[in-house]
Amino acid sequence: MKKVLVVVDMQNDFIDGALGTKEAVAIVDKAAAEIERFEGPVFVTIDTHGSGYLETAEGKKLPVPHCIKGTDGWLLSNKIMTVLSEKEYKTIEKGTFGSTALAEEIRRIVSSAETEQKKTNQEEMSRTDLEIECFGLCTDICVVSNVLLLKANFPEAKITVRADCCAGVTPETHAAALRTMEMCQIEIVS
């Protein structure tokens, strides 16, 4: 069984910065503990924007500059970085809500495991031997986007979202996103 962990956008701007919330602040310790306990490869997405963010489609609808590359807000939380420093992990910068590169990197891991096990059918591997655990910020935007992209790429994999390690823009939209993922056959756990 190949297990991977996906940590979505645990960056300062989403925790206590430009788009931070008290709910986001409240999950940092739990998220760090979950990263620390996890055995296996970890993928960390990093929302990444440039100085021209306000001219982008996203910036026009959300005119709050955030996660500008190189700023303190763009950086991962210190607590998250501390536990990641003891792990095998890969960061994936993304300029939008969901990352197609994330699925490609996980597929590479699946393919490597398949080669090691002398399997010839990658589809069989993704059906029976892949578990993906996800959490992060914001549940209702980037977490749901990445989880649904992963479901589309690995329809037979077991995908789990840790609700207690996620926070949304509001508690209501957090709950709605969890329900949406559950309706798409994602396992929601606390």
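The values are calculated or read from the model by the stated rules, or taken from the named source; none is laboratory data. All values derive from a computational prediction rather than experimental measurement. Please note: Cβ atoms are built from the backbone with ideal geometry, for glycine as well, and neighbour counts cover all protein chains shown. For accessibility, only protein heavy atoms count, side chains too; no ligands or nucleic acids. Shrake-Rupley method; radii C 1.70, N 1.55, O 1.52, S 1.80 Å.
Below are the figures for this structure:
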{"read-out": "Debye intensity ratio in log₁₀ form over the Cα atoms of segment 28-69, taken at each q of 0.14, 0.31 Å⁻¹", "value": "-0.52, -1.05"}
{"read-out": "Interchain or long-range residues, amide H under 5 Å from Glu93's placed H", "value": "Ile46"}
{"read-out": "CD proxy at 222 nm, helix term only [per DSSP H run n ≥ 4: -39500 (n - 2.57); per residue of the chain; nearest 500]", "value": "-12000 deg cm²/dmol"}
{"read-out": "Ellipsoid semi-axes in whole angstrom, largest first, where each is sqrt(5λ) of the Cα gyration tensor of the chain", "value": "27, 17, 17"}
{"read-out": "Lys79 accessible area, assembled protein chains, probe 1.4 Å, Å²", "value": "110"}
{"read-out": "Surface accessible to a 1.4 Å probe, per residue, for the residues of the chain, Å²", "value": "48"}
{"read-out": "Overall Cα dimensions of segment 44-108 - principal axes, largest extent first, Å", "value": "37, 28, 14"}
{"read-out": "Anchor Lys94: lysines whose Cα lies under 28 Å away (excluding residues fewer than 8 positions away in-chain)", "value": "Lys2, Lys3, Lys22, Lys30, Lys60, Lys61, Lys69, Lys79, Lys151, Lys158"}
{"read-out": "Label-reachable residues, segment 57-93, where backbone N falls under 19 Å from a point 7 Å from Asp29's Cα toward its Cβ", "value": "77-84"}
{"read-out": "Heavy-atom accessible area order for Val64, Val143, largest first, 1.4 Å probe", "value": "Val64, Val143"}
